[in-house]
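Have a look at the structure below before the remarks.
The values are calculated or read from the model by the stated rules, or taken from the named source; none is laboratory data. Everything numeric in this text was worked out from a predicted model, so none of it was measured. Here the Cβ positions follow ideal geometry from the backbone for every residue, glycine too, while neighbour counts run over all protein chains shown.
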Amino acid sequence: MLLKAVFLLFLTHLPGQIGCWLRYQFYKRRFKSCGKNVMICVGVLIEGTKYISIGDNVWIDKYCIILTGPVNLENSVVKKRENRKYSHLSGELVIGSGVHIGAFNIIQAHGGVKIGNNVTTSAGVKIYSLSNYPHDEANPAKITYANCMVMKSDKVSYIVSPIVIEDGVWIALDSLVLGGTIGKNSFIASQSLVLHDIPENSYVAGSPAKKIRNRFERVI
């Protein structure tokens with residue numbers, strides 16, 4: 001175990017083209033599936049490799065954190081949101097082809113995340129498909145917590161919300177996605193908070209994010 005930990009530390013922080021090549025060779029054998037020309041930059045931390053599927057020509061930029069796999073929510077208060085466009089197992093991360101995951105992104109796919117083709121996430125984007133919830137909707141008087149280290153007799157409250165990011169989406173700097181489907185070819189402006197579905201071809205901004213106009217106009 002110690003030798004493996006030392007090797008992963010070395011592999012994660014090895015810079016340059018050699019580091020990218022070695023990480024690709026290492027992870028492509030451990031991912032559920034992996035395409036060609038996948039670049040995993042220095043400092044990228046990945047947990048749950050067997051739940052990750054990646055297409056061709058994917059760039060995972062510097063110091064991203066990727067967390068996947070189902071989690072045990074027994075003895076917890078759980079609110080579940082349905083997403084009809086997410087058809088994979090809970091805990092899976094599916095990334096299409098032609099995708100750039102920007103530097104310092106966090107993708108937490110414990111509730112399930114699907115990213116389509118030709119998607120861009122700028123630096124600092126955070127995507128959480130499972131997060132804590134402030135109360136128990138079935139019993140608002142019950143005190144719940146957001147810390148899994150509390151006593152087992154206490155309740156931690158979660159929300160599970162699968163996320164789908166369709167083809168051609170661009171999520172700009174420091175935005176946060178907590179649920180829903182972002183429709184094809186939409187643009188999420190910097191520092192936006194996405195909580196619900198975004199229609200196709202939308203330019204959205206704000207907290208919570210709202211559509212301002214179409215991203216692309218049809219030229220006749």
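On the given criteria, is Y145 in contact (Cβ under 8 Å) with a residue 12 or more places away in the chain, surrounded by 14 or more Cβ atoms within 10 Å (Cβ to Cβ), of a type outside the set (V, I, T) and over 27 Å from G55 (Cα atoms)? It is true that Y145 is in contact (Cβ under 8 Å) with a residue 12 or more places away in the chain, surrounded by 14 or more Cβ atoms within 10 Å (Cβ to Cβ), of a type outside the set (V, I, T) and over 27 Å from G55 (Cα atoms). Taking segment 177-205 as the range and being part of a strand (DSSP E or B) and surrounded by fewer than 20 Cβ atoms within 10 Å (Cβ to Cβ) as the test, the residues that pass are L193, Y203, A205. If you go through segment 121-159 and pick out every residue that is over 27 Å from V44 (Cβ atoms), at pLDDT 90 or above, among the hydrophobic types (A, V, I, L, M, F, W, C) and in contact with a strand residue (DSSP E or B) (Cβ under 9 Å, 6 or more places away or on another chain), you end up with 2. Here is a check on your reading of the model: is D136 crowded, with 16+ Cβ neighbours inside 10 Å, out of contact with any Phe, Trp or Tyr (no Cβ under 9 Å at 6 or more places or on another chain) and assigned to a loop (DSSP other than H, G, I, E, B)? Yes. For segment 1-49, a residue qualifies if it is assigned to a loop (DSSP other than H, G, I, E, B) and loosely packed, with under 11 Cβ neighbours inside 10 Å, and the qualifying residues are M1, R29.
Within segment 206-220, restricting attention to residues that are charged (D, E, K, R) and part of a loop (DSSP other than H, G, I, E, B), the residue that is surrounded by the most Cβ atoms within 10 Å (Cβ to Cβ) is R215.
Residue under question is S157, and the condition is that it be at negative phi, out of contact with any Ser or Thr (no Cβ under 6 Å at 6 or more places or on another chain) and either surrounded by fewer than 16 Cβ atoms within 10 Å (Cβ to Cβ) or touching a residue at least 60 places away in the same chain (Cβ under 8 Å) (or both); does it hold? In short, no. Selection of first residues in segment 178-189 that are in contact (Cβ under 8 Å) with a residue 40 or more places away in the chain and under 23 Å from V160 (Cα atoms) and of second residues that are surrounded by 20 or more Cβ atoms within 10 Å (Cβ to Cβ) and of a type in the set (S, T, Y), restricted to Cβ pairs under 6 Å at least 6 apart or on distinct chains, gives the following pairs, ordered by first then second residue: L178/Y128; G179/S161.
Just for segment 85-100: of the residues that are aliphatic (A, V, I, L, M) and assigned to a loop (DSSP other than H, G, I, E, B), which one is surrounded by the most Cβ atoms within 10 Å (Cβ to Cβ)? Selected residue: V99. Taken over segment 7-40, the residue count meeting the criterion of being touching a strand residue (DSSP E or B) at 6+ places or on another chain (Cβ under 7 Å) and free of Cβ contacts under 8 Å to residues at least 60 places away in the same chain is 12. Do you know which of the residues in segment 63-78 that are assigned to a strand (DSSP E or B) and within 19 Å of the chain's Cα centre (by Cα) is farthest from G19 (Cα to Cα)? Step by step, filter segment 63-78, then rank; the result is L67.
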